[in-house]
Amino acid sequence: MFGNYLIGLREGLEASLVVCILVAYLVKTERRDALRPVWIGIGIACAISLAFGAALEFGSQELTFEAQELLGGTLSIIAVGLVTWMVFWMRRTARHLKADLHGKLDAALQMGTGALVATALLAVGREGLETALFVWASVRASGEGTSAPLIGVLLGIATAIVLGYLFYRGALRINLAKFFTWTGGMLVIVAAGVLAYGVHDLQEARFLGGLADKAFDVSATIPPDSWYGTLLKGVFNFQPDPTVLQVVVWSLYLIPTMALFLAPHRPREPKADSTAPAES
């Protein structure tokens, strides 16, 4: 449940910050007349994200078992790719996010209502679609048949909305760079578990082999239905009897990705223009 709470908190806070930046800028520049189309764009983005999540959940139920596993495994791998890209993208561009959104909003204000709706839709919609896909994959991996993972996601999103409101009101200040670094690192760990589960789905769909080749089996020591087994599964998507391929894929993803993520980040300096005339 904690892993899914983290996903809801992290992804929800990104969307909340985007909304806060857009709304605060319009209020500060005395363009309250533009708030309506921005909220319309945000509402459409939320509706599309919810519809996408519902389509994933209910659409897959009509498929055969093997087709469900093939779809689930494929989408889990795609979700891991998207969340990994998002984590590194936010690490690289978090400092400039506010300026980028302000620039897009200025351009949209000059173009009219439709551009404002589209700007808000695209800014929030990307976060929403990524969240819907990764949440679906993570919930499926960490607790099929239970409501705990979904409750964790909803609690995380609710917390993000409250934090976003407090940021907007100026009642709360935290070091966002450190926040996104810590949560990004934890999301990489969660993503590694989702990736391993996706590989297991593909093995059950008979798309990949090695389903019977177990790397180890500690089910007797860590029963899946025990409180600590449930905790490990909820936080890390831990499986007591993974296949060899799952362990290999998990290791090949987690170790280099975490090393790159934790490596010191050096912002690029603008290159000197070699064509500029030399000063005399």
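What to note about this one:
- Per-residue HN-Hα couplings for the range 207-214 [Karplus 6.51, -1.76, 1.60; θ = phi - 60°; Hz; x = Gly/Pro]: 7, 10, x, x, 5, 8, 8, 7
- Rolling a 1.4 Å probe across the protein heavy atoms gives the chain an accessible surface of 56 Å² per residue.
- Whether the range 6-57 is rounded, prolate or oblate, judged on the alpha carbon gyration tensor where a/c under 1.5 counts as rounded: oblate
- Amide H contacts of residue 243 (H built 1.01 Å from N, under 5 Å, at least 5 apart or other chain): 215
- Förster radius 35 Å - calculated FRET efficiency between residue 260 and residue 61, Cβ distance, rounded to 0.05: 0.40
- In this structure, the pairs whose alpha-carbon distance is over 31 Å, taken from 178/214; 178/233; 104/178, are 178/214.
- The chain, accessible surface, carbon-and-sulfur percent (1.4 angstrom probe): 66 percent
- The chain: angle of helix 244-262 to the longest principal axis, Cα-based, in degrees nearest 10: 30 degrees
- Whole-Hz couplings from phi, Karplus 6.51/-1.76/1.60, listed for the range 217-224; x for Gly and Pro: 8, 10, 4, 6, 7, 10, x, x
- By average C-beta atoms within 10 angstrom, highest first, the peptides 51-63, 8-20, 72-84: 8-20, 72-84, 51-63
- For the range 32-75, the normalised intensity computed at q = 0.19 Å⁻¹ comes to -0.64 (log10 of I(q)/I(0), Debye sum over alpha carbons, equal scatterers, no solvent).
- HN-Hα J in Hz across the range 184-189 - Karplus 6.51, -1.76, 1.60, θ = phi - 60°, x for Gly and Pro: x, x, 5, 5, 4, 5
- Placing 200, 96 in order of accessible area, with the largest value first and a 1.4 Å probe, yields 96, 200.
- Cα gyration tensor shape of the range 1-138, rounded if a/c is under 1.5, else prolate or oblate by comparing a/b with b/c: prolate
- In the chain, the calculated helix contribution to ellipticity at 222 nm averages -26000 deg cm²/dmol per residue, counting -39,500 (n - 2.57) for every DSSP H run with n ≥ 4.
- Under the convention that each Lys and Arg Cβ holds +1 and each Asp and Glu Cβ holds -1, the size of the dipole of the chain around its Cα centre is about 1200 debye.
- The C-alpha atoms of the chain define a longest principal axis, and helix 227-236 lies at about 40 degrees to it.
- Each of [x] 186; [y] 222; [z] 115 is a candidate for volume of the Cα convex hull per residue in Å³; the one calculated from this structure is [x].
The values are calculated or read from the model by the stated rules, or taken from the named source; none is laboratory data. Everything quoted here is computed from the prediction, not taken from an experiment. So basically every Cβ, Gly included, is an ideal-geometry build from the backbone, and we count neighbours across all protein chains shown. Please note that ligands, DNA and RNA were not included when accessible areas were found on the heavy atoms of the full protein model with its side chains. Shrake-Rupley method; radii C 1.70, N 1.55, O 1.52, S 1.80 Å.
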